[in-house]
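Before I ask anything, here is the structure I am working with.
The values are calculated or read from the model by the stated rules, or taken from the named source; none is laboratory data. A quick note: this is a predicted structure, and the numbers were derived from the prediction, not measured. Here the Cβ positions follow ideal geometry from the backbone for every residue, glycine too, while neighbour counts run over all protein chains shown.
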Amino acid sequence: MTSIMVILCRFFSFSLIWGLAKSQEFSYKDTTTWGQNYPTCNGNNQSPVDIPWGFGETVIIQPGELQWINYGNIPDSMRIVNNGHTVQIYPTWVNASDRPYLTGGPLGGQYVIEQFHFHWGQNDSVGSEHTFRGRRTAMEFHMVHWKSEYGTFEAAASQADGFAVIGALYDPIFGKSSRGIEEIWRELGGLRQPNDAIQIIPFPLSDFEVVNSRDTYVSYYGSLTTPGCNEVVTWLVALDLFSITSDELQQIRSVQLGHGDTHNYRALQNLNNRQFTYYQSKSVEIHPVWRNNAYRPYLSGGPLRSQYVVEQFHFHWGQNNNVGSEHTFRGGRSSMELHIVHWKREYGSFAAAMQRRDGLAVIAALYQPSTGRSSNGIQQIWRQLRNLRQENSAVQVSPFPLSDFGLLNPTHRYMSYFGSLTTPTCNEAATWLVALNLFPISNNELRDIRLVRLRHGDRHNYRPLQRLNNRRFTSYRSY
Ligand SMILES: *[C@@H]1O[C@H](CO)[C@@H](O)[C@H](O)[C@H]1NC(C)=O
Ligand SMILES: *[C@@H]1O[C@H](CO)[C@@H](O)[C@H](O)[C@H]1NC(C)=O
Ligand SMILES: [Zn+2]
Ligand SMILES: [Zn+2]
């Protein structure tokens, strides 16, 4: 896919929309003087502001989910510029209907993506524009969208509801990098001087973790944080903190800004009479899901004579990307395998069902390293992995539907056979349903799961292949 896109880039040339940044002269040395040349910067609805929220608080979510649409679409081209105030990326799509857009939540319409960029500081203690209860983080990411009914970015820039901007705050506290960031950072060497501009290999915006179906966003009405400070922005700031390394922060500081600026975050503005509302987003990638009965999802049909309810799910992995799955496809092992264990409802409990020959049904999904986005289910579990490194550690995670693993797709086929649990006591009680698709996971995610310590110093948890003997395979399609 990527190689096709590279070829496309060579054949199309795109007119670049510079938008508001073009003719503006300003410096971050004293952001309080911007109003002298740009009067709107002294307005009553300015951004950024402090967000009065601390971790671990319960927030009341407004009805009306924020929807991220088309963010998995790979742009036809991607251009990055050092505009003297930031590193700004313009993704473009030849066909306007492929363009990602936001809708729902506080937004009364569709807001298409224009560009995204970053704000950073002189050291790791500063850099974000918004603050969480007075605390500034090391970097902030902005995705700027405009309301498509206004026809152009420029026209939307003068309408009170013209823009929607997603904000994501980054901090080095997790000691790891994030996808999306890595893809831009790789290119920073070509963007050292103001007016440097390069074309890069396009990647989907869903590579940025802020594009997530389960995050909560705080919304308020505000402005652009650079002159002319237009008061046209519905802000949606993710309440999650995102991960970046100190090395990466050091790298963005080596990008030279105009006027000798060494940071590009604006001072906090007064909230005045404005209010915050909270929204949760929802992915529009809804798959046909196991029919839901009394909350527990269950499987039925195919080789299963009855209803099998979910008990638990878990992963198998290896020492490196060449090993890890338990099942193999024609001798080829993939990097990880997910098992979703179900038991036959009529046996009353998992413990009782595992004593019966038809007691269990296990769905298996094999994962291969890929630049594609891993499923929301993987991402949500992976977010907790650092808290699970030690044996016997346990965390409570925010519940999410198992459909987030993206296994429930009508085009998927499953290979079924009768077998056993792959760990002692190895009960021969399992109807296996192995998805024939390979699912994407990133190298970073595979590295992260290897940091989880296993008992006995084990560095993998896949069992060797067993003999098939007289058993047969049947293939099924899910619906
Ligand atoms: C643009 O994409 C839409 C939806 O995929 C498609 O229906 C339409 O034909 C495309 N238009 C062009 C000009 O390719
Ligand atoms: C980081 O930079 C800010 C702004 O220049 C400064 O006030 C602060 O003291 C610095 N912090 C550290 C730890 O160097
Ligand atoms: Zn910004
Ligand atoms: Zn297993």
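Looking at the stretch 131-162, which of its residues are within 18 Å of GLY121 (Cα to Cα) and of a type in the set (Val, Ile, Thr)?
Narrowing the stretch 131-162 to residues within 18 Å of GLY121 (Cα to Cα): 131-132, 134-142.
Correct list: THR131, THR137.
What number of residues in the stretch 104-124 are among the aliphatic types (A, V, I, L, M) and in contact (Cβ under 8 Å) with a residue 40 or more places away in the chain?
2
Here's something else I'd like to know. Against the condition more than 16 Å from ligand 3 (Cβ to nearest atom), charged (D, E, K, R), surrounded by fewer than 22 Cβ atoms within 10 Å (Cβ to Cβ) and modelled with pLDDT of 95 or more, how does ARG179 come out, does it pass?
Details: more than 16 Å from ligand 3 (Cβ to nearest atom): yes; charged (D, E, K, R): yes; surrounded by fewer than 22 Cβ atoms within 10 Å (Cβ to Cβ): yes; modelled with pLDDT of 95 or more: no.
Here the answer is no, as ARG179 does not meet what is asked.
What are the pairs, 6+ residues apart or on separate chains, where a residue within the stretch 79-95 that is outside any strand (DSSP E or B) has its Cβ under 7 Å from a residue that is within 15 Å of ligand 3 (Cβ to nearest atom) and among the small types (Gly, Ala, Ser)?
Correct list of pairs: ASN83/ALA21; HIS85/ALA21.
In addition: Out of all the residues in the stretch 420-444, which are within 25 Å of the chain's Cα centre (by Cα) and either within 13 Å of ligand 4 (Cβ to nearest atom) or among the aromatic types (Phe, Trp, Tyr) (or both)?
PHE439
Continuing with the same structure: Here is a list of conditions, (1) at pLDDT 95 or above; (2) more than 22 Å from TYR278 (Cα to Cα); (3) not in a loop (DSSP other than H, G, I, E, B), and ALA164 meets all of them except one; can you say which number that is?
Single failed check for ALA164: (2).
Looking only at the stretch 441-452, decide whether some residue is more than 20 Å from PHE350 (Cβ to Cβ), in contact (Cβ under 8 Å) with a residue 24 or more places away in the chain and in a strand (DSSP E or B).
Yes, there is a match, as at least one residue in the stretch 441-452 is more than 20 Å from PHE350 (Cβ to Cβ), in contact (Cβ under 8 Å) with a residue 24 or more places away in the chain and in a strand (DSSP E or B).
Output the residues belonging to the stretch 104-119 that are modelled with pLDDT of 95 or more, of a type in the set (A, V, I, L, M) and either away from ligand 3 (no atom under 16 Å from the Cβ) or surrounded by fewer than 21 Cβ atoms within 10 Å (Cβ to Cβ) (or both).
VAL112
Please go through the stretch 156-165 and pick out each residue that is within 15 Å of ligand 3 (Cβ to nearest atom) and surrounded by fewer than 22 Cβ atoms within 10 Å (Cβ to Cβ).
Once the filter is applied, which keeps residues that are within 15 Å of ligand 3 (Cβ to nearest atom) and surrounded by fewer than 22 Cβ atoms within 10 Å (Cβ to Cβ), the stretch 156-165 yields only ALA157.
Another question, if that's okay. Take the residues in the stretch 326-367 that are surrounded by fewer than 16 Cβ atoms within 10 Å (Cβ to Cβ) and in contact (Cβ under 8 Å) with a residue 12 or more places away in the chain; name whichever of them is nearest to ALA430 (Cα to Cα).
In this case the residue turns out to be ARG357.
Checking SER206 against (1) polar (S, T, N, Q); (2) outside any loop (DSSP other than H, G, I, E, B); (3) in contact with a helix residue (DSSP H, G or I) (Cβ under 8 Å, 6 or more places away or on another chain): exactly one of these is not met. Which one?
Exception for SER206: condition (3).
Residues to consider are GLU149, GLU129; find the one that is within 16 Å of SER223 (Cα to Cα) and modelled with pLDDT of 95 or more.
The match here is GLU129.
I would also like to ask the following. Could you tell me which of the residues ASP247, ASP215 is out of contact with any Phe, Trp or Tyr (no Cβ under 8 Å at 6 or more places or on another chain) and surrounded by 18 or more Cβ atoms within 10 Å (Cβ to Cβ)?
ASP215
Out of (1) closer than 16 Å to SER219 by Cβ; (2) away from ligand 3 (no atom under 16 Å from the Cβ), the odd one out for GLN122 is which?
(1)
Picking from PHE153, PHE174, which residue would you name as being surrounded by fewer than 24 Cβ atoms within 10 Å (Cβ to Cβ), in contact (Cβ under 8 Å) with a residue 40 or more places away in the chain and either touching a His at 6+ places or on another chain (Cβ under 6 Å) or over 24 Å from THR371 (Cβ atoms) (or both)?
PHE153
List the number of the failed condition for TYR101; all other conditions in (1) without any contact (Cβ under 8 Å) to a residue 60 or more places away in the chain; (2) surrounded by fewer than 20 Cβ atoms within 10 Å (Cβ to Cβ) hold.
For TYR101, the failing item is (2).
While we're on this one: Which ones in the stretch 92-111 are under 18 Å from the mean Cα position of the chain (by Cα) and within 16 Å of ligand 1 (Cβ to nearest atom)?
ARG99, PRO100, TYR101
Of the conditions (1) surrounded by fewer than 17 Cβ atoms within 10 Å (Cβ to Cβ); (2) small (Gly, Ala, Ser); (3) farther than 22 Å from GLY105 by Cα; (4) touching a residue at least 12 places away in the same chain (Cβ under 8 Å), GLY127 clears all except one; give me its number.
GLY127 satisfies every listed condition except (1).
Can we say ASP207 is over 23 Å from ARG99 (Cβ atoms) and charged (D, E, K, R)?
The answer is no for ASP207.
What are the residue pairs meeting all of these: first residue in the stretch 409-438, first residue buried (at least 16 other Cβ atoms within 10 Å of the Cβ), second residue among the acidic types (Asp, Glu), Cβ atoms under 6 Å, and 6 or more apart or on different chains?
Pairs found: SER420/GLU428; THR422/GLU326.
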